[in-house]
1. Tell me, what ³J(HN,Hα) does each residue in the stretch 207-214 have, in order and in whole Hz, if you take phi through Karplus 6.51 cos²θ - 1.76 cosθ + 1.60 with θ = phi - 60° and put x for Gly and Pro?
2. Which net charge results when you count Lys and Arg as +1 and Asp and Glu as -1 among the other residues whose beta-carbon is under 11 Å from that of Val43?
3. As a test of reading the structure, rank Phe104, Phe22 by solvent-accessible area (1.4 Å probe, protein chains only), most first.
4. Check Val172: other-chain or 5+ apart residues with amide H under 5 Å from its amide H, H built from backbone geometry?
5. Show me, for the stretch 227-239, the HN-Hα J-couplings you get by feeding each phi into the Karplus relation (A = 6.51, B = -1.76, C = 1.60, θ = phi - 60°), rounded to Hz, glycine and proline as x.
6. Please list Leu91, Leu144 from largest to smallest accessible area, probe radius 1.4 Å, with all protein chains kept in place.
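The values are calculated or read from the model by the stated rules, or taken from the named source; none is laboratory data. This is a predicted model, so every value here is computed, not measured. All Cβ positions, even for glycine, are placed from backbone atoms using ideal geometry, and neighbour counts span all protein chains on display. We work out accessible area using only protein heavy atoms, side chains counted, and drop any ligands, DNA or RNA first. Shrake-Rupley method; radii C 1.70, N 1.55, O 1.52, S 1.80 Å.
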Amino acid sequence: MNIRPEIAGVWDYLYWNLAKIFIAGKSSIGSGPLWFIFTLYSVSLMFYGVMVITKRIELWIPSLRFRTTVAGIAIASLIAGWLLYKNHIRLPLGIERDLTVLFFFTCGWICREPIKNLSRDCFGFRSSNDIQYTALQRCSGTLLTAGIALISFVLYAFVENPDPNFSIMNNVLGKSLGIFLASSFFGIAGLIATFIVADKLTNIAPIRIAKGILRNISRNALVILAVHWWILLVLRIIFKSELDKPGTAFLSTLIVTVGITITIPNKPYHPRPTCD
């Protein structure tokens, strides 16, 4: 799969682009981040297959719990992805990468409800609509979540071993499966806990604006992912000499920000109905 394309014309360019996307499972030439969208789609299909297989297994072996079976398939998928990486095996459509990513996709599905409960109830405390729910309890839950975020980031910094060759796109996962899993787990846990804490901060003007910006980014992440790369590509091709001058490189950040803002679809705000 490590073939260097020879592009002599438009048809060669189209052929190698299609081959790189649909055979190698990577980004098209000049469209770096788009491999992520392809992977998201293919892993979603694989996860659907996991759900179908798990339901069949549950019919055959009723004693097996559904989530346990799903977790077992996810672990097997991770091991397969790791073995393919260690043996330098590349498969069509980037299947070796999909097997690795499927593990994290499945873990997200398994942890979805616990994370929702954590965000809503603050580690088992009652909801804010309950009379017995006190400000002290809410503060304690938020502080505990903040503590988890801090500890997770510290542990991430401790176990993370930067590797210049690390690449999820190429399924290059580093030297140790344990370190790869630990750094991924602590990094994800820290981010989730941080966003839970941020969501519970007081809605004063600066914090409310920051929350709105982050929500807008998260809702339009796929648009931003695709558009920002093309804007940078055009800037590098057309305005490279100007942007290479001292003091002008920051303009590319401003141009990308404006371009992304224009391309994000504007949806009218409809406040949620409340029950008195």
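1. So the J values, rounded to whole Hz, are 5, 4, 5, 4, 4, x, 5, 5.
2. Working: positive: Arg97; negative: Asp98.
The answer is 0.
3. Values: Phe104 60, Phe22 120 Å².
Ranked list, largest accessible area first: Phe22, Phe104.
4. Long-range HN contacts for Val172: Ser167.
5. 6, 4, 5, 5, 5, 5, 4, 5, 4, 5, 7, 8, 10
6. Values: Leu91 50, Leu144 90 Å².
The ranking, largest first, comes out as Leu144, Leu91.
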